[in-house]
1. Along the positive direction of the dipole of the range 147-279 (beta-carbon charges: Lys, Arg +1; Asp, Glu -1; about the Cα centre), which of Ile207, Val276, Pro181 reaches farthest?
2. If you stretched the chain out fully between Leu265 and Val318, how much longer would it get, using 0.36 nm times the residue separation minus the C-alpha to C-alpha distance?
3. For the range 1-55, what relative contact order do you get, as a whole percent, if you take Cα pairs closer than 8 Å and at least 6 residues apart?
4. Using a Förster radius of 22 Å, what is the FRET efficiency between Gln256 and Glu182 based on their Cβ-Cβ separation? Nearest 0.05, please.
5. How far apart, in nm, are the 7 Å Cα→Cβ label points at Met1 and Gln286?
6. What are the equivalent ellipsoid semi-axes of the chain, built from the alpha-carbon gyration tensor (square roots of five times its eigenvalues), in whole angstrom, biggest first?
7. Taking only C-alpha pairs under 8 Å that are 6+ residues apart, what is the relative contact order of the range 131-277 in percent?
8. Using +1 at the C-beta of Lys and Arg and -1 at the C-beta of Asp and Glu, which of Leu300, Ala92, Ser245 has the Cα lying farthest in the positive direction of the dipole of the chain?
Amino acid sequence: MRAGFYERLGDPLETVRVGEIETPHAGPGEVRVKMHVSGINPSDVKRSTGWSGAPMANARVTPNNDGAGVIDEVGEGVSPARIGERVWVYEATLVGRRQGTAAEFCVIPAAYAINLPANADFSFGATLGVPAITAHRCVFADGPVRGLTVLVAGGAGSVGRYGVQLAKWGGARVIATAGSPEQMAIAKAAGADEVLNYREPDLAGRIRAAGALTHSGGVDRVVEVHFRDNVALDAEILKTNGSVSIYGSSMDRNEQPVVPVRGLLGKAINLRWVMVYALAPGPRAQAIADISQAITDGALSPVVAARYALSELPQAMVKVGVGGVGGKILIDI
C-alpha cells in the first residue's frame, strides 16, 4: 500500500516520505479501515518533529491520529457485520499497532473505529477525533451547560469551533472571541451568540457586558486555548464557582505562567486541564456518544482549512506546524 512514514524525528520536509510499504491485516480485536481522508493535528506534527519530547513509537511511523474510511477487514472477535461500515477513527498512532491514518489502510482496535452518521461525509469524519473530543470535554466536564453561559476563546479554531457548536447543542448561551473579522465570521457561523474581537480594547468589559445580558447573568465556563495569556482575564470575567477548561497555551514548552491566585481563589474558580490523550474511558465514551448524536442532529459542521494529496503529506505537515492553522488540514488518500 501507499503510505506516508518517517524513520527519524525532524523537519517533515526532510524526514517524511511517501512510498510503498507492506499492507497490514486485521488481527484479533482489530479492524482494517480503507482510508479515504486523513486529518492532521498540531500534535501529530509535534510528535513527528520531536517537539513533544516523546520518542518514536516504532522504527517506522505512519503519522496522523484522525481519519475516516470504510472497514474492509475484521479480525477474530469482531463481528463480520462491521465490514462495509463507514467510520471515523481516532488516536491511531497511540493505540494498537500505533500506526496512523496517512495510508491507504489503517489497522486499529475496533473500539477506535466509530460509526460515521449517514449525514456526514469522510471529510467531516476526518475532522473529528482530537478536536471534537477535546471540545466536548472542555464544554461538559463540569456537567450539563443548559441555561449557562460559556465563553469559547479562539472560537474559529478546530477545537474552538466544535466547542461553540457543542455548547449550543447542549443548551448554553455562547460568547466567542476571535482575532480578525474573518475568524469572527467563522465563530458566528458556528452558532456563537456573541463574537468579540480580542484585539480590541477592554475585552474584559465587553465580555462582562455580553454575559450580563444572558439568563445566567455572567460567564459560567471558559473553554481556554491560551492559558498563559488569558488566565488573568478569565479570573476577572468568570462568575463565582465558575470553571476554566484549559486545552492549550503558548508554543513555549517551558512556560511558567503567572497565575492570579487571589482572583481565582476568591471566586473558587476551578482550573481543569484537558488532554484528550489522557481521557478516562467513561468521559471518552460519553464524548463519542454525544458527538455522534450532535452530528445526527445536524448541530456540528467542520471547517477545512486546506486539502492535500497523500504525495504532499510533508508539505501539509509543515503547513499545520505545531500551532495549527485555524481549521483542519486534510489528506486525500
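1. Of the options given, the answer is Val276.
2. Here the answer is 15.0 nm.
3. RCO, the range 1-55: 36 percent.
4. Efficiency, from the Cβ-Cβ distance: 0.10.
5. Going by the 7 Å Cα→Cβ label model, 3.4 nm.
6. 35, 21, 17
7. 22
8. Ser245
Quick note: the coordinates plus some simple rules give every number you see, no bench work behind them. Model, not experiment: these values are computed from the prediction. As a convention, Cβ positions derive from the backbone with ideal geometry for all residues, glycine included, and neighbour counts pool all protein chains shown.
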